[in-house]
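To start, the structure itself, in structure tokens.
Rule-based calculations on the coordinates, nothing more; no lab input. Keep in mind that what you see is a predicted model, and the values were worked out from it rather than measured. Glycine also receives a Cβ, built like all others from the backbone with ideal geometry; neighbour counts cover every protein chain displayed.
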Amino acid sequence: MALSAGDTAPTFSLPDQDGNVVELSGLSGRKVLVYFYPKADTPGCTTQACELTKVLPDIGDAAVLGISPDPPRKLKRFQDKYDIGFPLLSDEDHTVAEAYEVWKEKSMYGRTYLGIERSAFLVDEDGTLSGAWYKISPKDTPLRLVESVAG
């Protein structure tokens, strides 16, 4: 069942691009955009990360966390290449993606496989979801974040 506003955000503890463990609970007291993207350094994911970096000055003390199944070393290259201004977390076994209901069956060129459905969630200061956007476009992610934090 998909998550929606009012639900408690699934907690997690994942390594970032530098191998440091980041816990959602460590950001309590702040709004946090948790977004899931399929693969680092691909066109849509690059657009999404770069556009989110551009809006960081507009979101106050809200935090942004990007999550993908990529290993930390690949996330580090991606972050360095595009100067991404927030932590990228590695969910290699897709446990967190499954908890957020974004690990889905997908199809491309007639091939079916499991992967990330690009989605974003805004977690309030108390750990409650105030926004859940499944199948969000890369360009809509920063717009929804700015609207939600400002509103």
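Counting other beta carbons within 10 Å of each Cβ, put Phe121, Phe86 in order, fewest first. It would help to have the intermediate numbers written out before the result.
Working: Phe121 25, Phe86 17.
Fewest-to-most ranking of Phe121, Phe86: Phe86, Phe121.
Computed per residue of the chain from DSSP H runs no shorter than four, each worth -39500 (n - 2.57), the mean residue ellipticity at 222 nm is -8000 deg cm²/dmol.
Based on the mean of other Cβ atoms within 10 Å per residue, sort peptides 126-139, 35-48 so the most packed one is first. All intermediate terms of the calculation are to be shown ahead of the outcome.
Values: 126-139: 15.9, 35-48: 19.0.
Averaged packing, sorted descending, gives the order 35-48, 126-139.
Sorting Val149, Val21 from the fewest to the most surrounding beta carbons within 10 angstrom yields Val21, Val149. Here Lys81 is the anchor, and the lysines within straight C-alpha reach of less than 20 Å, apart from those fewer than 8 places off in the same chain, are Lys39, Lys54, Lys139. Of the GluC sites (Glu not before Pro) found in region 107-151, those in coil by DSSP whose Cβ has at most 14 other Cβ atoms within 10 Å are Glu125. Applying D = kT/(6 pi eta Rh) to the chain, where Rh is the Kirkwood radius over alpha-carbon pairs, T corresponds to 37 °C and eta to 0.692 mPa s, the Stokes-Einstein value obtained is 215 µm²/s.
Based on Cβ point charges of +1 for Lys and Arg and -1 for Asp and Glu, what charge dipole magnitude is obtained for region 59-151 about its Cα centre, in debye rounded to the nearest 20?
Working: 12 positive and 16 negative charges, 133 e Å.
Its charge dipole is roughly 640 debye.
Shape analysis of region 12-80 based on the Cα gyration tensor places the equivalent ellipsoid semi-axes at 19, 16, 10 Å, largest first. Work from the charge dipole of the chain (Cβ charges, +1 for Lys and Arg, -1 for Asp and Glu, about the Cα centre) and give the residue of Phe12, Val146, Gly115 farthest towards its positive end. Result: Gly115. Phi angles across region 90-107 convert, under the Karplus curve 6.51 cos²θ - 1.76 cosθ + 1.60 with θ = phi - 60°, into 3J(HN,Hα) values of 9, 10, 4, 8, 6, 5, 6, 4, 5, 4, 8, 6, 10, 8, 10, 6, 10, 9 Hz, Gly and Pro given as x.
Treating r as the C-beta distance of Asp126 and Tyr82 and R0 as 41 Å, the FRET efficiency rounds to 0.80.
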